[in-house]
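Please read the structure below before turning to the comments.
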Amino acid sequence: MSEQMISYLAALTKTMGRLAFPKDHLIKIAFPKTSEKLFKAYNLADGTLTQAEICKKLKIDTGNFSKTVNKWINSGIMFKIVEKNEIKLLHLYPLPEESIKAIRRKNG
């Protein structure tokens with residue numbers, strides 16, 4: 001698949017994702033507890049990194065993150081995509097940095 005086609009599909013996914021999961025709803029699903037590392041991990045899942053690469057970059061436990069990724073996939077807010085025999089993670093759309101502040105306020 002061409003890079004141009006991948007860019008179009010990513011744009012379509014992000015647009016449809018925002019319609020199906022507005023930011024506040026996405027935050028409630030993705031972050032039931034405050035976690036800056038999970039917030040960063042979610043945003044790193046832009047389709048360019050594998051699950052292992054995200055864990056290594058943020059120094060997070062692979063087992064716990066795997067469970068979180070599976071919850072996100074089952075919730076429809078993340079996908080696994082295959083690129084050159086590697087499975088990479090793709091979020092619906094990135095969350096702005098100020099969203100972590102809302103998560104902190106919500107969870108005290």
* To do: Please identify which residues in segment 4-24 have an amide N closer than 20 Å to a label point set 7 Å out from the Cα of E53, following the Cα→Cβ vector.
  => 4-11, 13-14
* In degrees between 0 and 90, to the nearest 10, how far off the longest principal axis of the chain does helix 3-20 point, with axes built from Cα atoms? -> 30
* Spin-label point model (7 Å from Cα, Cβ direction): what's the E97 to K37 distance in nm? -> 2.1
* Between S35 and residues 5 or more places away or on another chain, which pairs have amide H atoms under 5 Å apart, with H built 1.01 Å from N, and which residues are they? -> none
* Structure fact -> Helix 62-75: inclination vs the chain longest Cα principal axis, degrees, rounded to 10, gives 80
* **Qualifying trypsin sites (Lys or Arg not before Pro) for segment 1-40 [loop in DSSP, other Cβ within 10 Å: at most 15]** => K33
* Once you charge only the Cβ atoms, +1 for Lys and Arg and -1 for Asp and Glu, what is the size of the charge dipole of segment 3-98 about its Cα centre, to the nearest 20 debye? -> 280
* Which whole-Hz couplings ³J(HN,Hα) result when phi for each residue of segment 38-45 is put into the Karplus expression 6.51 cos²θ - 1.76 cosθ + 1.60, θ = phi - 60°, listed in order with x for Gly and Pro? -> 5, 4, 5, 5, 4, 5, 6, 7
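Every number in this text was worked out from the coordinates using simple rules, so none of it is lab data. Keep in mind the model is a prediction, meaning the values are calculated, not measured. Positions of Cβ are generated from backbone atoms using ideal geometry, with glycine treated the same way; all protein chains shown enter the neighbour counts.
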